[in-house]
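Engineer: Sharing a structure with you now.
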Amino acid sequence: MTSDHEKWRFYGRRAGRKLNAARQSVLDELFPELEIKPEQLTEDQSLAPSSLFSSSLEKTVLEIGFGNGEHLVEMMRRTSDTAFIGAEPFFNGMSAFLKQVQDENIPTDNVRVLMDDAMILVRSLEANCLDEIYILNPDPWHKTRHHKRRIVNPDNLNEFSRLLKPGGKLIMSTDVPDLAEWMVTHAINHPDFKWEAECADDWRRPPKDWIPTRYETKRAKGADKMVYLFFRKIS
Ligand SMILES: C[S@@+](CC[C@H](N)C(=O)[O-])C[C@H]1O[C@@H](n2cnc3c(N)ncnc32)[C@H](O)[C@@H]1O
C-alpha cells in the first residue's frame, strides 16, 4: 500500500498534546484490536467491509474525520447491527474515541478504525459497499489557495459515489458558511447525488435523531450557522 499511500498527501494535524497514561494505554492496547491494518488496504479497490468483521451486519457506515469520536460512539450505543468504520488521523482524537469505548464497555465487534487519511481507506474499498458516509464539520481550509485541500471536492465525491450503494446517503455538516456553500454546490453539481432538502428548515435544522458532535456543541455561539446536508446517491 505504500506506493499509493504516498500519492495522497495528508494536510492536517496528526498529533497534539502529549497523551496522558490512560489515553496512551488505550491506544497501545485497544487500538490494535480495532485497527484496519495497512496490509488490509488494497490498491485495486477490492476491500470488502465484511472482511473486516467477524459476523455479518445489516448496514455499513463510514465516518470520516470523527474527531474525538462522540458521534461514532453514540451511533455504536444506539445500534449493534451496523458495521461502523471510522477514519481519524489525529492521535489525540483516536485515543479519546477509544477511551470512551473502553470506559463504557461498548461492544467493539462492529467497529473498525483507520488512524490515517480517510481517502486511503476510501480508495481501498470496493464499490457499492456503504449505506452512509458522514463528514461532520470537516476542516474548512479558509484560504482560497487551500480550498483544494477540502475533503469534499469533485474527485473525492466521485469516490464517495463509487462506495455508496444506490440510495445510500452522504451526510455532511458545518458551521462555516463558505464551506457549506462549497459542499452544497459541489454535491449538487455531481451527477450521482441528489440533495434531499425540500425547504430551508431541512438544512437549517438537524433531524430529530441528530447526534451533535463536541465540535458542534463547542461552537454553540455559531449554532445559527450550522447546516445539515443530506444527499442521496441516485441509483
Ligand atoms: C474540525 S474537526 C471535526 C471533528 C468531528 N467530526 C466533529 O464534528 O467534532 C475535523 C476532523 O477531521 C480530521 N481530518 C482532516 N482531514 C482528514 C482526512 N483526510 N481523513 C480523515 N480525517 C481527517 C481532523 O483530524 C479533525 O479531527
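The values are calculated or read from the model by the stated rules, or taken from the named source; none is laboratory data. Everything numeric in this text was worked out from a predicted model, so none of it was measured. Cβ placement follows ideal geometry from the backbone for every residue including glycine, while neighbour counts extend to all protein chains displayed.
Residue by residue, here is whether (1) modelled with pLDDT of 95 or more; (2) in a loop (DSSP other than H, G, I, E, B); (3) within 21 Å of Pro140 (Cβ to Cβ) holds:
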position	(1), (2), (3)
His186	yes, no, yes
Pro191	yes, yes, no
Lys194	yes, no, no
Glu198	yes, yes, no
Trp210	yes, yes, yes
Glu216	no, no, yes
Ala223	no, no, yes
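Engineer: Among Gly86, Gly65, Gly69, which is the only one that is over 23 Å from Ala127 (Cβ atoms) and of a type outside the set (S, T, N, Q)?
Structural biologist: Gly69
Engineer: Restricted to region 112-167, and to residues that are under 13 Å from the mean Cα position of the chain (by Cα) and β-branched (Val, Ile, Thr), which residue is nearest to the ligand (Cβ to nearest atom)?
Structural biologist: Of everything passing the filter in region 112-167, Ile151 is nearest to the ligand (Cβ to nearest atom).
Engineer: Considering only region 80-117, state which residues are of a type in the set (Gly, Ala, Ser), closer than 14 Å to Gly65 by Cα and in contact with a strand residue (DSSP E or B) (Cβ under 9 Å, 6 or more places away or on another chain).
Structural biologist: Gly86, Ala87
Engineer: Considering each residue of region 35-79, count those that are at pLDDT 95 or above, part of a helix (DSSP H, G or I) and within 16 Å of the ligand (Cβ to nearest atom), and give that number.
Structural biologist: Residues that pass the stated criteria total 7.
Engineer: In region 80-90, which residues are surrounded by fewer than 23 Cβ atoms within 10 Å (Cβ to Cβ) and either assigned to a loop (DSSP other than H, G, I, E, B) or within 7 Å of the ligand (Cβ to nearest atom) (or both)?
Structural biologist: Ser80, Asp81, Ala87, Pro89, Phe90
Engineer: If only one of Leu170, Leu130, Leu157, Leu164 is touching a strand residue (DSSP E or B) at 6+ places or on another chain (Cβ under 9 Å), modelled with pLDDT of 95 or more and over 16 Å from Trp195 (Cβ atoms), which one is it?
Structural biologist: The unique qualifying residue is Leu130.
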